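Visitor: Okay, handing you the structure first.
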Amino acid sequence: MTTADSDKAFKQAEHRRERRAVKARLEFDEEPMPTKAFGNPWASEKDGKQWLAEPSPKLMRK
C-alpha cells in the first residue's frame, strides 16, 4: 500500500533524539520534555497514506 519499507529507521532516529534531549535537560536539573514531543507519526514515511490502483466507488464514498 505504501512505498516505504519500514518505520524502523524513523523510530530509531526519533528515540535517539528523545534520549539526547532528556540527557541534556537532566544535566541542568531541568524537567524532561514529555514523550509526546518526539516521534510524530504523521512525519514518518509511512503515515497512513495509500494508493489504490483502481478504486471502487464504494470505497471512495464517505
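Visitor: Select, from ALA21, ALA9, the only residue that is among the aliphatic types (A, V, I, L, M) and either part of a loop (DSSP other than H, G, I, E, B) or modelled with pLDDT of 90 or more (or both).
Guide: Values: ALA9 fails: either part of a loop (DSSP other than H, G, I, E, B) or modelled with pLDDT of 90 or more (or both).
Just a single option satisfies the conditions, and that option is ALA21.
Visitor: Right, another one. Could you please find all residues in segment 41-57 being modelled with pLDDT of 80 or more and assigned to a helix (DSSP H, G or I)?
Guide: PRO57
Visitor: Taking segment 26-40 only, how many residues are in a loop (DSSP other than H, G, I, E, B) and more than 18 Å from GLU14 (Cα to Cα)? Can you show your working first?
Guide: Step one: list which residues in segment 26-40 are in a loop (DSSP other than H, G, I, E, B), which gives 28-34, 38-40.
Okay, now just the ones that are also more than 18 Å from GLU14 (Cα to Cα), so 28-31.
Number of matching residues: 4.
Visitor: Still on this structure: Quick one: which of SER44, SER56 is surrounded by 10 or more Cβ atoms within 10 Å (Cβ to Cβ) and not charged (D, E, K, R)?
Guide: Working: SER56 fails: surrounded by 10 or more Cβ atoms within 10 Å (Cβ to Cβ).
Result: SER44 is the single residue among SER44, SER56 that is surrounded by 10 or more Cβ atoms within 10 Å (Cβ to Cβ) and not charged (D, E, K, R).
The values are calculated or read from the model by the stated rules, or taken from the named source; none is laboratory data. What you see is a predicted model; the values in this text were computed from it and never measured. FYI the Cβ positions are ideal-geometry reconstructions off the backbone, even for glycines, and counts take in every protein chain you see.
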